[in-house]
Protein chains: 2
Amino acid sequence: MKINERFLELKDSYLFAKVGQKTSEYKLKHPEKKVIRLSIGDVTRPLAPCVIKAMQKAVSDMSKKETFKGYGPDRFCYGYDALIDSIKGSYLKKGVKLESEEVFISDGAKSDLGNILDLFSEENTVLVPDPVYPVYVDTNVMGGRKIVYADATEKNGFLPMPDKKVKADIIYICSPNNPTGAAYTREQLKAWVEYALKENAVILYDAAYEYFIEDSALARSIFEVEGARECAIEFCSFSKTAGFTGVRCGYTIVPKELIRGGASLSRLWARRQSTKFNGVSYISQMGAAAVFTEEGEREIRENIAYYKKNAGTVARCLDKLNIFYTGGKNSPYLWLKCPRGMDSWEFFDYLLENANVVGTPGSGFGKNGDGFFRLTAFGDADETVEACERIERLLK
Amino acid sequence: MKINERFLELKDSYLFAKVGQKTSEYKLKHPEKKVIRLSIGDVTRPLAPCVIKAMQKAVSDMSKKETFKGYGPDRFCYGYDALIDSIKGSYLKKGVKLESEEVFISDGAKSDLGNILDLFSEENTVLVPDPVYPVYVDTNVMGGRKIVYADATEKNGFLPMPDKKVKADIIYICSPNNPTGAAYTREQLKAWVEYALKENAVILYDAAYEYFIEDSALARSIFEVEGARECAIEFCSFSKTAGFTGVRCGYTIVPKELIRGGASLSRLWARRQSTKFNGVSYISQMGAAAVFTEEGEREIRENIAYYKKNAGTVARCLDKLNIFYTGGKNSPYLWLKCPRGMDSWEFFDYLLENANVVGTPGSGFGKNGDGFFRLTAFGDADETVEACERIERLLK
């Protein structure tokens, strides 16, 4: 019996689990302190009223034989038409026409981002931005793949562009980026699409934060770019769009034109999911289907405006302290340089102990995160204001 | 870019997807026919009232800031204490004491049965019963592992026992078995545990149907057997126990004593899940937490009695027709020999076209399923009676 020894190559623990653990330990030691978390990307606003209504109806459906739902429909890997259609409608507004067979309902982008790798041989080189969401690196370490990095630094505005000297088979793009908040324009994405087509590579495009985009020059879907259908898979989630972190629903778009090794990736994904997955809760799908209605969009935009106000609060605080930062405009994350030359975990501890505020150390996202720090806009508005006042007092 | 070419070694499509497809095609061609499905293992009874109540409260919690829930708690891979504790309580009744760190809340046994393979090298030999739930074979074909089979036939009462001439690293046991309905006694499982300990193998024990067991000599959990903690992982689901096929919740028990290659499998699984999964819906977990209460157990036992009555209906029909079958007693499945020497898919088509009843061809579960057929007890009682009347008329 041989375990997958690559697990032993992983860093001790998943970044956010470590942040959570240190926070819990501090709170246990100091129960009298009011610790404010601007760390994990977890939402705090309740679900939109029309989503609640849809979910209550769905629960009620499950109480009666006539309306009870078991496994989701076979036809589109357990996705309900109502939800798939609403997603197609939302893409149409972005000028992207999808077919139902290309829309795969997931229990969140994170699961699908990890599980999509089942479709790819170990013998692929993976190109990952640095810094970025640690899942892309960790899942490929588990999978034994070679990883190369595309540096995102102040110099390139945290938006790496293709380097033709670099060969890559799987390319991760997260736009707006977690943790930097930087987002690509359509023209910039076109360069990546051309690179991917030339390399016969596949772009894994993480669009988890696209709903935060304000600037109309920025792409909301990679499929707005011509040629993307032949080289990209897009991962979307209701987590940040609609506050579904505790509801679990997302969608992965695998275009029918995406063929590699003579195989249709959408058919391979359908095979993988029908074999290793049993679909998303009916209640979650019905809640999600309410999101892209007129009422739903209005209600979630209110929540997003709330978070953007928090981002503004943090931004102004950092401005006052003359701390360099990026993000917060088209993204719920602010990416700042640690003050006083501290390194990331040093600043994490300093902030937790002296201001009782929790953020996420930038080094957890990659080597280019050393000396950087991430703060999120997802918290309570008053707590965010209070956290910023404490930070200002501590660092002025 | 290299795809995972092992996908090309898979049979054309996942068995149940194929059954679903042929059924849909027939229904499209014959919209006037009333097709009765005794095929897929999908439940039809609505959720228990106390589960509905818990889920309605959970939805209501999500509508208010004070009670809103985002990501599940970090501590036990997103599992809520209320649910984990209820599961521990239910194990205690079976004489098995678990720790919270060993209980991993899943979105269903199927996902975890597939994903657990991430922990194991490709260089392991997998021992699978034949016939059995196709997922065990398909997921290992995807993973490139060598598969050997333990024959389950009339000769051994469909309960294969260890063969010391066979070397295996990963051993699948499904008890009660899908599709045969055969279930192991504790003594028989002890032989498997001893074999696994000798081989330094890991048993993947699928207990999805344990709630159907009536016979007290049969094990409901592998952990009732001494030594199992050192060699087994148990996969459980609320799907069949509580009708959660559309709610998506289960639990996987990875004992802390399970060490292979110097690594704790429960810590590896925690790492895998915290990296490639984001937990189960709060609503689903709260519904699940209501299942193992006194009220919940009473209500789900009513539903299970309903299904067992269906099993009895099918059993009597087969008795009348003098068709050999097994199962239906401690299991919701009946495993019958196809009449008139038909092979499995022949009988599938014959039954669908001439009685408008859908079952599952035994050959889809393995070579020992050739000439066999599976019928399920999960349907509507009246429809099950009607289906049996049609089968009787057709085959007498």
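Points to keep in mind about this one:
A quick yes/no check of all residues on (1) of a type in the set (D, E, K, R); (2) assigned to a helix (DSSP H, G or I); (3) touching a strand residue (DSSP E or B) at 6+ places or on another chain (Cβ under 6 Å):
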{"site": "A:ALA305", "(1), (2), (3)": "no, yes, no"}
{"site": "A:ALA311", "(1), (2), (3)": "no, yes, no"}
{"site": "A:ARG316", "(1), (2), (3)": "yes, yes, no"}
{"site": "A:ASN322", "(1), (2), (3)": "no, no, no"}
{"site": "A:SER331", "(1), (2), (3)": "no, no, no"}
{"site": "A:TRP335", "(1), (2), (3)": "no, no, yes"}
{"site": "A:ARG340", "(1), (2), (3)": "yes, yes, no"}
{"site": "A:PHE347", "(1), (2), (3)": "no, yes, yes"}
{"site": "A:LEU351", "(1), (2), (3)": "no, yes, yes"}
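- Within the stretch A:81-120, tally of residues that are more than 19 Å from the chain's Cα centre (by Cα), part of a loop (DSSP other than H, G, I, E, B) and crowded, with 22+ Cβ neighbours inside 10 Å: 1
- Considering (1) in contact (Cβ under 8 Å) with a residue 60 or more places away in the chain; (2) more than 17 Å from B:SER39 (Cβ to Cβ); (3) of a type outside the set (Lys, Arg), the lone condition that B:ASP319 does not fulfil carries the number (1).
- Of everything in the stretch B:131-148 that is under 15 Å from the mean Cα position of the chain (by Cα) and more than 9 Å from every other protein chain (Cβ to nearest Cβ), the residue that is surrounded by the most Cβ atoms within 10 Å (Cβ to Cβ) is B:PRO131.
- Every residue from the stretch B:186-196 that is away from chain A (no Cβ under 11 Å) and among the aliphatic types (A, V, I, L, M): B:LEU189, B:ALA191, B:VAL193
- Filter result for the condition that a residue is more than 30 Å from A:ASN140 (Cα to Cα) and within 11 Å of another protein chain (Cβ to nearest Cβ), over B:LYS320, B:LYS309, B:LYS329, B:LYS240: B:LYS240
- Among the numbered conditions (1) more than 7 Å from chain B (Cβ to nearest Cβ); (2) crowded, with 17+ Cβ neighbours inside 10 Å, the only one that A:LYS57 does not meet is (2).
- Yes/no for B:PHE244 being in contact (Cβ under 8 Å) with a residue 40 or more places away in the chain, in contact with a helix residue (DSSP H, G or I) (Cβ under 9 Å, 6 or more places away or on another chain) and not in a loop (DSSP other than H, G, I, E, B): no
- Contact annotation: no residue pair with Cβ atoms under 6 Å, 6 or more positions apart or on different chains, pairs a residue in the stretch A:71-86 that is closer than 17 Å to B:ASP107 by Cβ and touching a residue at least 24 places away in the same chain (Cβ under 8 Å) with a partner that is among the hydrophobic types (A, V, I, L, M, F, W, C) and in a loop (DSSP other than H, G, I, E, B).
- Any hit, the stretch B:274-286, residues being under 20 Å from the mean Cα position of the chain (by Cα) and either within 16 Å of A:GLY70 (Cα to Cα) or not in a loop (DSSP other than H, G, I, E, B) (or both): yes
- Residues located in the stretch A:151-202, provided they are part of a helix (DSSP H, G or I), surrounded by fewer than 24 Cβ atoms within 10 Å (Cβ to Cβ) and among the aromatic types (Phe, Trp, Tyr): A:TYR195
- Only one of A:GLU199, A:GLU210, A:GLU226, A:GLU234 that is of a type in the set (Asp, Glu) and within 14 Å of chain B (Cβ to nearest Cβ): A:GLU199
- Of the criteria (1) part of a helix (DSSP H, G or I); (2) buried (at least 19 other Cβ atoms within 10 Å of the Cβ); (3) more than 7 Å from chain B (Cβ to nearest Cβ), which one A:TYR26 fails: (2)
- Among residues of the stretch A:29-52 being within 9 Å of chain B (Cβ to nearest Cβ) and in a helix (DSSP H, G or I), the one that is nearest to the chain's Cα centre (by Cα) is A:VAL51.
- Odd one out for A:SER281 among (1) more than 10 Å from every other protein chain (Cβ to nearest Cβ); (2) modelled with pLDDT of 95 or more: (1)
The values are calculated or read from the model by the stated rules, or taken from the named source; none is laboratory data. As the structure is a prediction and not an experimental result, all values here were calculated from the model. Cβ: placed from backbone, ideal geometry, glycine included. Neighbour counts: every protein chain shown.
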